[in-house]
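Colleague: Before we start, here is the structure in question, set down as structure tokens.
The values are calculated or read from the model by the stated rules, or taken from the named source; none is laboratory data. This is a predicted model, so every value here is computed, not measured. FYI the Cβ positions are ideal-geometry reconstructions off the backbone, even for glycines, and counts take in every protein chain you see.
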Amino acid sequence: MKRAAIVGVGQTKFVSRHRDLIHPELTFEASRAALEDAKLSIDNVDALTMGVMDPFDGVDCCDRWICGAAGGYNKPVIRINTAGATGMSAAIAAYEQVASGMFEIVMAVSEQRVSEPVDAQSLLNTCTCPYHERAMGGSAISLGAVPATRHMYKYGSTHEQRALSAVKAHKHGMNNPYAHLRFEVTVQDVLNSMIVEWPLRLLDCCPRSDGAVAVIFASEDVAKTITDRPAWVNGAVSIADGPFFGDRPDVSYRAALAVAARRLYQKCGIKNPLKDIDVAELYIPFTSLELIQTEAYGFCDEGKGGELLEEGTTWMGGELPINPSGGVLCTNCIGATAELRVAEAALQVMGKGGLRQVPNVETALASGLGGMLQFHTLMMLGSEPR
């Protein structure tokens, strides 16, 4: 395989409803920003991958419209949908096309206009099985609520520990000019917010956001002519679990995610994740999933995710800052959310994080989750190729 790196990143501002931009225009804005960041024109791009989920843009085959807006005329284009992991699946596909030697420059573009459907939550809830889970009240929010109750029962984690995840995310999000939600909260604010699905409250949950993101991948020789500081892709992994939430052996621990992490660490030479990784942009749509993911990634022992938050390890200034951008709890553009994790991780490695920049980043981890916690994607970026 050829070495490949990220050389350009572009994103729109994320809001609850873009009244001035429809989904092709959001796509164009992000794509143009990525090309400007890399100082390229669309003529330099050999192919595109696109991440988008049809129901949330309010039209069928929405890739028909965003393809041209991203500059896909007369170019190879692949459209990908793996639910919440869609954006990173598109990014991994773009990376693999470059690493395989098929193309020199490929742009991954993901977009979502979540404000378009009448009720996005009802659409999200259709991810549950209509025969075995939906009739019992299973919903997209159950993905965070059920693991939370199991984690509390098995390990004794608390509401206050989960609330710290929201406090951290919103504090970090204040430094991100693109973030949808930009306000700080306290633990008491989280605990006093309305119950959505017990034990999760409103501030334990992500918003729904309109916006788009684009990331440009280039082969090693080309990348070195574009920028002196690319973000090298040192490993990427995808793994799928079964479709039924109730079939998981223990929802308090993400076994499939732990397997994916081990595979990625082996590729990248990561021996001690907490020490070897400088920053992480993780797909955390519910506060409970921060505890579960940090345990699955080996940042701490099982059941100790809450303590990791209490100790400040994953805050800005800590040993391993998680989501300096504010993460999914501040911005959730669904089909584009996972690619946004890649984009933000790349900005950290390239030293372009602005107020949210973590000092001296050499290694950054990005993750995506989709479906009934079924699809898992991971990408490791570095300042040097491995």
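Colleague: How many residues does region 327-386 contain that are closer than 24 Å to D241 by Cα and of a type in the set (S, T, Y)?
Modeller: 3
Colleague: Say we look at region 276-295 and pick out the residues that are of a type in the set (A, V, I, L, M) and under 23 Å from E362 (Cα atoms); which of these is nearest to the chain's Cα centre (by Cα)?
Modeller: The residue in question is L282.
Colleague: If P385 meets every condition in (1) farther than 20 Å from N176 by Cα; (2) at pLDDT 95 or above apart from one, which number is that one?
Modeller: (2)
Colleague: Kindly list, by first and then second residue, each pair from a residue in region 215-230 that is within 11 Å of Y95 (Cβ to Cβ) to a residue that is part of a helix (DSSP H, G or I) and hydroxyl-bearing (S, T, Y), limited to pairs with Cβ atoms under 6 Å and residues at least 6 apart or on different chains.
Modeller: F217/Y95
Colleague: Criterion first (out of contact with any Gly (no Cβ under 8 Å at 6 or more places or on another chain), surrounded by 18 or more Cβ atoms within 10 Å (Cβ to Cβ), modelled with pLDDT of 95 or more and more than 30 Å from A47 (Cα to Cα)) does L203 satisfy it? Outline the logic, then answer.
Modeller: On the way: out of contact with any Gly (no Cβ under 8 Å at 6 or more places or on another chain): yes; surrounded by 18 or more Cβ atoms within 10 Å (Cβ to Cβ): yes; modelled with pLDDT of 95 or more: yes; more than 30 Å from A47 (Cα to Cα): yes.
So L203 fits the description; yes.
Colleague: Tell me the residue from V342, V328 that is among the β-branched types (V, I, T), in contact (Cβ under 8 Å) with a residue 40 or more places away in the chain and under 28 Å from S219 (Cβ atoms), please.
Modeller: Being among the β-branched types (V, I, T), in contact (Cβ under 8 Å) with a residue 40 or more places away in the chain and under 28 Å from S219 (Cβ atoms) holds for just one of V342, V328, which is V342.
Colleague: Out of K75, K13, report the one residue that is assigned to a loop (DSSP other than H, G, I, E, B), more than 12 Å from A336 (Cβ to Cβ) and touching a Phe, Trp or Tyr at 6+ places or on another chain (Cβ under 6 Å).
Modeller: After ruling out the rest, the residue left standing is K13.
Colleague: Then there's this: Would you say I195 is farther than 22 Å from E311 by Cα and surrounded by fewer than 19 Cβ atoms within 10 Å (Cβ to Cβ)?
Modeller: Yes: the conditions hold for I195.
Colleague: Within region 221-280, which residues are closer than 30 Å to M152 by Cα and of a type in the set (S, T, Y)?
Modeller: Selection gives S238, S252, Y253, Y265.
Colleague: Continuing with the same structure: Could you list, in sequence order, the residues of region 154-172 that are free of Cβ contacts under 8 Å to residues at least 60 places away in the same chain and either in a loop (DSSP other than H, G, I, E, B) or farther than 30 Å from V15 by Cβ (or both)?
Modeller: Result: E160, single match.
Colleague: Same structure, new question: Which condition number in (1) part of a helix (DSSP H, G or I); (2) at pLDDT 95 or above is the one that M102 fails?
Modeller: Condition not satisfied by M102: (1).
Colleague: Tally the residues that are within 24 Å of L21 (Cα to Cα) and either more than 20 Å from the chain's Cα centre (by Cα) or polar (S, T, N, Q) (or both), restricting the search to region 65-95.
Modeller: Residues meeting the conditions: 12.
Colleague: So is K75 out of contact with any helix residue (DSSP H, G or I) (no Cβ under 7 Å at 6 or more places or on another chain) and closer than 18 Å to A90 by Cα or not?
Modeller: yes
Colleague: For residues that are touching a helix residue (DSSP H, G or I) at 6+ places or on another chain (Cβ under 9 Å) and farther than 30 Å from Y131 by Cα, scanning just region 246-273, find the one that is surrounded by the fewest Cβ atoms within 10 Å (Cβ to Cβ).
Modeller: This residue is K271.
Colleague: Considering only residues of region 170-184 that are surrounded by fewer than 19 Cβ atoms within 10 Å (Cβ to Cβ) and among the hydrophobic types (A, V, I, L, M, F, W, C), which is nearest to L203 (Cα to Cα)?
Modeller: Applying the first criterion (surrounded by fewer than 19 Cβ atoms within 10 Å (Cβ to Cβ)) to region 170-184 yields 171, 174-175, 177, 182-184.
Next cut, among the hydrophobic types (A, V, I, L, M, F, W, C) only: 174, 183.
Values: M174: 16, F183: 11 Å.
In this case the residue turns out to be F183.
Colleague: Going by what's in this entry, would I239 be described as surrounded by fewer than 23 Cβ atoms within 10 Å (Cβ to Cβ), under 17 Å from the mean Cα position of the chain (by Cα) and touching a residue at least 24 places away in the same chain (Cβ under 8 Å)?
Modeller: Taking the combined requirement at face value, the residue satisfies it.
Colleague: Also, I was wondering about something else. Scan region 178-199 and give yes if some residue there is touching a Phe, Trp or Tyr at 6+ places or on another chain (Cβ under 9 Å) and of a type in the set (G, A, S), otherwise no.
Modeller: Checking region 178-199: at least one residue is touching a Phe, Trp or Tyr at 6+ places or on another chain (Cβ under 9 Å) and of a type in the set (G, A, S).
Colleague: What helices (runs of 4 or more DSSP H), lying completely within region 284-386, carry at least 1 residues that are in contact with a Gly (Cβ under 7 Å, 6 or more places away or on another chain) and under 19 Å from A261 (Cα atoms)?
Modeller: 287-296, 337-350
Colleague: I need every pair where a residue in region 288-302 that is over 15 Å from I270 (Cα atoms) and in contact (Cβ under 8 Å) with a residue 60 or more places away in the chain has its Cβ under 6 Å from the Cβ of a residue that is part of a helix (DSSP H, G or I) and among the hydroxyl-bearing types (S, T, Y), sequence separation at least 6 or different chains.
Modeller: E290/S165
Colleague: I would also like to ask the following. Search region 173-198 for residues that are in a loop (DSSP other than H, G, I, E, B) and pair each with any residue that is exposed (fewer than 15 other Cβ atoms within 10 Å of the Cβ) and modelled with pLDDT under 95 when their beta-carbon atoms are under 6 Å apart and the residues are at least 6 apart or on different chains.
Modeller: none
Colleague: Kindly list, by first and then second residue, each pair from a residue in region 257-268 that is touching a residue at least 12 places away in the same chain (Cβ under 8 Å) to a residue that is part of a helix (DSSP H, G or I), limited to pairs with Cβ atoms under 7 Å and residues at least 6 apart or on different chains.
Modeller: Cβ pairs passing all conditions: L257/Q293; L257/A296; A258/A296; A261/A296; Y265/P273.
Colleague: Does D278 satisfy the criteria of being surrounded by fewer than 24 Cβ atoms within 10 Å (Cβ to Cβ) and touching a Ser or Thr at 6+ places or on another chain (Cβ under 9 Å)?
Modeller: So D278 fits the description; yes.
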